[in-house]
Each structure stands twice: as C-alpha cells, then as structure tokens.
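Each remark here refers to the structure printed beneath this line.
Laboratory data are not the source of any read-out in this text; all were calculated from the coordinates shown. Computed from a prediction, not measured in an experiment: that's the story for all the values here. FYI the Cβ positions are ideal-geometry reconstructions off the backbone, even for glycines, and counts take in every protein chain you see.
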Amino acid sequence: MNINFVTGNRHKVDEAKIALKGSNVHIQILEADKREPDEWKLEEVATKNAKRIADETGKVVMIEDTGIYFEAFDDFPGSKPKRYFDSLGYAGLLAKFKFGQEDEVKSKKAHFKTVIGLCEPGEEPILFTGELQGTITNEIKGMDADVLPYERIFVCEDGRYLFEYPREEKNLISHRGKAFRKLKEFLDSK
C-alpha cells in the first residue's frame, strides 16, 4: 500500500519507516498545504488536513501532528511547539518555570502527544495517537545533535534526555513510534 505522508520533516519520515518496517506499506512524501490555525488541536489538524488533501489529490494521505504539553501550564506549548520555540527560544520557555527562584514552578512534568490521521479519498480519516511522559529540565544538552529542540530539555522516565536515544530505541518508546505502530497494526489487520 502506498501512503502519501504530508511532511517536510525528514525525522518524521525516518521514524515512520522504522515503525512500519516489515509491513506492506510504502511511504512517499507528498508536498501539500497543511493548515494549522491557532485554534485547532492536534486531532483537528490531522483529520481536517487528511480529509481535504486526500479528497483533493485522490491519494491515500497521512498527516502527523505533534505537540508537547507542560503540566504546569494550560495547553502550553501545546499543538504549536515550533511556533513557541521560534519566538521564545530556550530562555523564554524555561523562564516560565522560574528555575532556582523562590516561586519556582513545582511541576516539571510534560508529555509529547502525536496524532496521525490516515485518510483515503472519499472516506473519513482514522486517527492513531501516542504519548510519551517525562519532565522538563533547565539543563540544555545535545546542542550538536540533529534533533528537535524540545528533545534537548525533555527527560524521559529512565533519566535520559530524549535526544540521547538511538533512532531505533527511541522509536520503541516515543509518542510518534507508538502512534505509527498503532497505524501499522491497523494496516496489517486489513
């Protein structure tokens, strides 16, 4: 089965290929206009874009959207992690926690969430989700690693930063890997 993945992020494509290894799925990148209005949650980005693009192109389409959620702050950075990182950087993001100050925010818990929307032309999208729990730290590591910015401040439950995992091992625990494995199980059952 050919699936057209609407993304420009090669890391996401690599993770999809690892998770779907051994299946009868071939991933192709499809350049298309993925819309992400501020008011849309991850589920809306995945469903509305998958449906529209599948119907417009006549192809089986996959949309993936990921957010990160800091427990202490309502829906922040939420479904707009890149936008917040680009405007605030590490200094602005971490300043919210007031690390080392008297009124330091107590909860550093955070989680990543991925939603994948799969849609065939003329059909309704099917969603697959995955989450990864961890904490945020003020010690930024891995600046030379080719990873997403939040992986340098997100510490997994085993004490390792997310960027420290080799790609195959990361795929076993990551939010994206979990969502893609659910997609694989669904496709394998068809």
Distance between region 123-190 and region 1-56 - C-alpha centres, whole angstrom: 16
0 to 90° range, to nearest 10: angle between helix 42-57 axis and the chain longest Cα axis: 30
Which of K141, K34 has the fewest Cβ neighbours within 10 Å, and the rest in rising order: K141, K34
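What size of dipole, in debye to the nearest 20, comes out for region 2-189 about its Cα centre when the only charges are +1 on Lys and Arg C-beta atoms and -1 on Asp and Glu C-beta atoms?
Working: 30 positive and 35 negative charges, 54 e Å.
Approximately 260 debye in magnitude.
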Within region 93-135, GluC sites (Glu not before Pro) in DSSP loop having at most 14 other beta-carbon neighbours inside 10 Å: E102, E104, E123
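Given a cut-off of under 8 Å on Cα pairs at least six residues apart, what relative contact order in percent is computed for region 2-189?
Details: 340 pairs, mean separation 42.0, N = 188.
The value is 22 percent.
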Added length on full extension, which subtracts the Cα-Cα distance from 0.36 nm per residue, D55 to D14: 12.2 nm
Reachable aspartates and glutamates from K190, criterion Cα separation under 19 angstrom, eight or more residues apart if same chain: E120, E123, E124
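Using DSSP to call loops (not H, G, I, E or B), can you name the GluC sites (Glu not before Pro) in region 142-190 whose Cβ has at most 13 other Cβ atoms within 10 angstrom? Walk me through the intermediate numbers first.
Numbers: sites: E151, E157, E164, E168, E169, E185; in loops: E157.
In loop regions of region 142-190 (DSSP not H, G, I, E or B), the sparsely surrounded GluC sites (Glu not before Pro) are E157.
How much of the DSSP beta bridge set in the chain is antiparallel, as a percent to the nearest 5? Let's see the in-between values first.
Numbers: 26 of 32 bridges.
In the chain, approximately 80 percent of DSSP beta bridges are antiparallel ones.
Please compare each pair in K17/K178; K34/K59; K21/K182; K108/K182; K82/K113 to a cut-off of 19 Å on the Cα-Cα distance and tell me which ones are over it.
The answer is K108/K182.
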